[in-house]
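K.L.:
Just passing along the structure, written as structure tokens.
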Amino acid sequence: MDVAAKEAAIARFLDEYPQAADAGRGHSALQGCEDIRWAEFPECPAGIPMLLRALLDQEAAPEAKRTLSNCLLNDITSMNAAMPAALPFLLRLAGDPQVSVRSELQDLLVGVVGYSRPVNADNEAMVRWFGSDSEHPEREQCRAVFAEHASVVQALTEELANPDNRATLRQAAGLL
């Protein structure tokens with residue numbers, strides 16, 4: 001999905017949930033999200049902060065999560081270069097009991113771990129399919145964010161019922 005399609009999806013979201021534009025303002029988990037120049041990331045719409053805030057609106061949260069995921073995941077093989085910037089906010093929101101879609105955010109975080117794994121440069125098929133790590137620095141950047149926020153990941157994983165998801169996130173944060 002290109003940036004114009006992502007912007008159009010955000011506009012449709014706002015048409016359906018106009019109240020969501022102001023949801024979550026001032027929430028501690030989102031401190032600093034407005035300061036990031038999201039549109040300067042390739043294929044990233046400027047509306048990411050609004051979607052992050054909308055995750056705190058009970059009614060709009062499921063659609064906000066879906067739209068946000070579509071904006072931050074470029075396709076089935078790659079995530080957007082903005083994902084490392086979004087990851088600290090997603091981690092904090094996924095652990096917040098006020099967020100009605102927190103289990104869906106936790107699943108998204110497990111998926112981000114998969115997208116963040118290094119690609120073996122000796123495996124030509126994998127490099128062709130997923131691109132090299134040098135072409136996708138966001139992979140290493142996400143791994144660094146997971147490690148930097150290990151205490152948040154630890155607290156988050158204590159609530160996860162799925163032992164595989166717990167292990168995946170703990171490993172990504174360097175806790176295993």
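The values are calculated or read from the model by the stated rules, or taken from the named source; none is laboratory data. This structure is a prediction, so every number in the text was calculated from the model and none was measured. Note that we place each Cβ from the backbone using ideal geometry, even for glycine, and neighbour counts take in every protein chain shown. When the accessible area is computed, the model is the full protein with side chains, heavy atoms only, and any ligands, DNA or RNA have been set aside. Shrake-Rupley method; radii C 1.70, N 1.55, O 1.52, S 1.80 Å.
K.L.:
Can you put T168, T67 in order of accessible area, largest first, using a 1.4 Å probe?
P.N.:
Ranked list, largest accessible area first: T168, T67.
K.L.:
With each label point set 7 Å from Cα along the Cα-Cβ vector, what nm distance links S134 and A8?
P.N.:
3.7
K.L.:
Using the basic label-point model (7 angstrom from Cα toward the beta carbon), what is the R25 to R37 distance in nanometres?
P.N.:
Those two pseudo-labels are separated by 2.5 nm.
K.L.:
If each residue of separation counts as 0.36 nm, what is the full-extension length gain between L176 and E148 once their alpha-carbon separation is subtracted? Mind showing how you got there, number by number?
P.N.:
Details: separation 28, 0.36 × 28 = 10.08 nm, distance 1.45 nm.
Difference between extended and current length: 8.6 nm.
K.L.:
Modelled label-to-label distance, A155 and S100, 7 Å Cα→beta-carbon offset: nm?
P.N.:
Taking the simple label geometry, A155 and S100 are separated by 2.4 nm.
K.L.:
Remind me, relative contact order of the chain in percent, using alpha carbon pairs under 8 angstrom and six or more residues apart?
P.N.:
Relative contact order of the chain: 18 percent.
K.L.:
As a test question: what accessible area, to the nearest 10 Å², does E104 have when a 1.4 Å probe is rolled over all protein chains in place?
P.N.:
Only protein atoms counted, so the area is about 80 Å².
K.L.:
How much of the pair distance distribution for the stretch 44-138 lies past 21 Å, counting alpha-carbon pairs only, in percent? Provide the component values of the computation, followed by the final result.
P.N.:
Details: 1524 of 4465 pairs.
Result for the distance tail: 34 percent.
K.L.:
Using 0.36 nm per residue of separation minus the Cα-Cα distance, give me the extension gain between M126 and D75 in nm, one decimal.
P.N.:
Result: 16.8 nm gained on full extension.
K.L.:
Which value in deg cm²/dmol, rounded to the nearest 500, describes the helix-derived mean residue ellipticity at 222 nm for the chain, given -39,500 (n - 2.57) per DSSP H run of n ≥ 4 and division by the residue count? Walk me through the numbers on the way to the answer.
P.N.:
Numbers: 9 runs with 97 residues, N = 176.
About -16500 deg cm²/dmol.
K.L.:
Once ligands and nucleic acids are excluded and a 1.4 Å probe is used, how much of Y115 is accessible, expressed in Å² to the nearest 10?
P.N.:
Solvent-accessible area, nearest 10 Å²: 60 Å².
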